[in-house]
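The block underneath contains the structure these notes are about, expressed in structure tokens.
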Amino acid sequence: MNIGINDVLKQIRLFFIPYLVFLVACLVVKFLFTKEEIYFAVNGIYSTFGDFIAPFVTDLGNGWTIIALSAILVLFNYRVAFLMATSYALTSLTAQLVKNIVHAPRPTLLFKARLSQIHVVKGVYLLQFDSFPSGHTVTAFSAGVLITYLAKNKNWGILLVIVAIAVGYSRMYLSEHFFEDVMAGSVLGVIVTVCWISFIDSKEFLHRSSWNKGLLKRS
């Protein structure tokens with residue numbers, strides 16, 4: 001079974017096309033404004049509801065969320081669980097590699113002289129290093145691509161790209177990342193996952209009947 005990148009992009013077009021529009025808009029913003037201007041503009045827009053919901057939204061991009069989802073999927077379909085787990089593993093490792101190469105400071109470290117001007121959500125532990133790229137954003141966009149690819153109803157792609165964008169925004173809202181970190185995370189998550197799907201899902205073993213079963217679905 002031969003699955004090319006174009007085949008994957010066709011399957012996820014309802015995720016990918018809105019994502020491209022989002023990415024172009026982000027590039028325009030990045031061209032017009034500085035890193036500092038974007039950060040403080042985002043940080044200056046907050047509310048009690050935003051402070052409450054942002055930590056929950058950001059958890060959708062947490063690696064443990066994907067690990068738990070993969071474990072649940074093993075009960076129903078080995079192929080789907082395998083694709084979910086391996087996509088997460090590959091994108092996460094790639095993100096960590098880039099983080100350790102760039103070793104960029106996070107907002108509270110870069111703007112430590114202006115901490116009094118920064119809105120911080122109570123109870124959120126703020127990291128200081130390895131800001132670029134945003135790992136949560138990588139995970140959210142990777143999962144969005146994969147779920148859209150696997151879903152029978154491709155209209156889910158529209159909702160999934162909105163959720164992924166929300167996760168990325170939550171990382172900025174919580175002062176964990178910069179705009180650039182989120183942009184890069186989205187690109188990394190989409191590109192690596194599309195390439196991985198086109199490679200691994202072409203393998204014959206994944207399409208054997210035994211891989212379309214699960215622990216609770218043996219026949």
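Just so you know, all these numbers are worked out from the coordinates, no wet-lab data involved. What you see is a predicted model, and the numbers here were worked out from it, not measured in a lab. In this analysis, Cβ positions are derived from the backbone assuming ideal geometry, glycine residues included, and neighbour counts consider all displayed protein chains.
Brief remarks follow.
- Summed side-chain charge close to residue 4 - residues other than residue 4 whose Cβ falls under 15 Å, Lys, Arg +1, Asp, Glu -1: +1
- For the chain, a simple Cβ point-charge model (Lys and Arg +1, Asp and Glu -1, everything else neutral) yields a dipole of about 620 debye relative to the Cα centre.
- Which of 56, 134, 27, positive extreme of dipole for the chain (C-beta unit charges): 56
- Shape category assigned to the range 1-79 from the gyration tensor of Cα positions, a/c cut at 1.5: oblate
- Only helices enter the 222 nm calculation for the chain: every DSSP H run of n ≥ 4 contributes -39,500 (n - 2.57), and dividing by all residues gives -21000 deg cm²/dmol, rounded to 500.
- Relative to the dominant Cα principal axis of the chain, helix 48-58 is inclined by about 40°.
- Dipole axis of the range 121-216 (+1 Lys, Arg; -1 Asp, Glu on Cβ), positive-most option in 123, 189, 148: 148
- Listed residue pairs exceeding 21 Å between alpha carbons, taken from 10/203; 99/154; 152/217; 10/154; 10/217: 99/154; 10/217
- Here residue 112 is the anchor, and the aspartates and glutamates within straight C-alpha reach of less than 20 Å, apart from those fewer than 8 places off in the same chain, are 36, 37, 130, 176, 180, 181.
- Its Cα centre serving as origin, the range 27-139 has a Cβ charge dipole (Lys and Arg +1, Asp and Glu -1) of approximately 140 debye.
- Shape of the range 119-180, Cα gyration tensor, a/c cut at 1.5: prolate
- Sequence-distant contacts, meaning Cα pairs under 8 Å at least 6 residues apart, place the relative contact order of the chain at 35 percent.
- In the chain the longest region clear of chymotrypsin sites (Phe, Trp or Tyr not before Pro) that are loop-assigned by DSSP and have at most 13 other C-beta atoms within 10 Å covers 34-124.
- Scalar couplings 3J(HN,Hα) for the range 24-33, obtained by applying the Karplus form with A = 6.51, B = -1.76, C = 1.60 to θ = phi - 60°, are 4, 4, 5, 5, 5, 4, 5, 5, 8, 10 Hz; x denotes Gly and Pro.
- Distance from the range 61-81 to the range 1-24 (C-alpha centre basis), Å: 22
- Angle in degrees between helix 156-173 and the longest Cα principal axis of the chain, rounded to the nearest 10: 30
- Mean Cα-pair separation over length for the range 1-125, i.e. relative contact order, pairs under 8 Å, 6 or more apart, %: 26
- Each Cα pair under 8 Å and six or more residues apart adds its sequence gap; the mean of these over the residue count of the range 90-219 is a relative contact order of 30 percent.
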